[in-house]
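Here the structure comes first, spelled out in structure tokens, and everything after it is commentary.
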Amino acid sequence: MSATQPLNQEQPLKHVEEWDDYVAGRYQEGREQKEFRNFESAAEANPGIARFYRLNHTGQTVDFVLEKEKQYGALARGKHSLWEAADYLNTLVDDSDPDTDLSQIEHLLQTSEAIRKDGHPRWMVLAGFLHDLGKVLCLYGEPQWAVVGDTFPVGCAWSDQIVFHDYFAENPDAKVPEYQTLYGMYEPHCGLDKVHMSWGHDEYIYRVARNYLPEPAHYMLRYHSFYPAHRHGAYRHLMSPHDEEMFAWVEKFNPYDLYSKGSAKPNLKELRPYYEDLMAEFFPSEIDW
């Protein structure tokens, strides 16, 4: 796999993992709601995060999302194995990132091994390994704000439970009256499969893996960054009863995504045979990306 263009210049974070660390801190156990929703203080403490969300909330328009769905939905970037994608993602980390000595594969293994340790189904262990592989979008030349970040529906009013909500004032869709109503371009309880989410690594890896994993894994991959819904209960007016049922799996998965980074560094050489067998159980040797 090779990038077709250099990384976009709109990179306010030193590394995309800085967003993950910020989210984990935001939902640190024991913190009060009012404490982790003090975004004015967060902006002062971490200007990179604030600038990241300003770019994200300004750029994630309906037109932008539809364009990216079309661009990447065809999965026309070639056939590659899961290991090849993970190895490619490793190139996202280099000596310029002083905050971690773990490779991307090791980060993924921390999540999947925590899930495995707790005795969850094999498909869920594999979902843990896959969930961040969509970050290869950065290596395709996409800006950070179109790869990571809390996800949310576009084409309807933005929930006030979305972090740095005030930055949506700069989004061009703020001037489209239809998009500023509760339901916008959707119908009540239409189901999330009919809703266009802000573009990022969640949607991309879901599209890559959906033909090979059971439906609960689809929800884990597609909505693990949809914090306004699974952390704050927003957007229930768009969700179907089936979405509500499936979101129990997202909520089960989320702690492993947030809190596994402190785990011991995994031994890739020892673990690789297990994961090769696991991948072969669900996936062919190469898939479309």
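Taken together, the values in this text are just the output of simple stated rules run on the coordinates, not laboratory data. Note that the structure is predicted; figures quoted are calculated from it, not measured. Counting neighbours? That spans all protein chains shown, and the Cβs are built from the backbone with ideal geometry, glycine included.
Quick notes on this one:
- Selection of trypsin sites (Lys or Arg not before Pro), segment 135-230, meeting DSSP coil and at most 15 other Cβ within 10 Å: Arg210
- Range in the chain, longest, excluding exposed GluC sites (Glu not before Pro) [loop by DSSP; at most 10 other beta-carbon atoms within 10 Å]: 33-289
- Using the rule -39500 (n - 2.57) for each DSSP H run of four or more residues, divided by the residues of the chain, the 222 nm mean residue ellipticity is -13500 deg cm²/dmol.
- Helix 241-259 and the long axis of the chain differ in direction by around 60°, with both axes built from C-alpha atoms.
- Distance histogram in 10 Å bins (all Cα pairs of the chain, percent per bin): 6, 29, 38, 23, 4, 0
- Remark: segment 173-218 is approximated by an ellipsoid whose semi-axes, taken from the C-alpha gyration tensor as √(5λ), come to 27, 14, 6 Å, largest first.
- Ordered from longest to shortest, the equivalent ellipsoid semi-axes for segment 183-242 are 20, 12, 12 Å, each the square root of 5 times a Cα gyration tensor eigenvalue.
- Partners for Lys135 among lysines (Cα-Cα distance below 24 Å; same-chain residues under 8 apart left out): Lys14, Lys68, Lys70, Lys79, Lys194, Lys252, Lys261, Lys265, Lys269
- Net length available on complete extension from His242 to Tyr183 is 19.4 nm, with 0.36 nm assigned per residue and the Cα-Cα distance removed.
- Rounded to the nearest angstrom and listed largest first, the equivalent-ellipsoid semi-axes of segment 159-269 from its Cα gyration tensor are 28, 18, 14.
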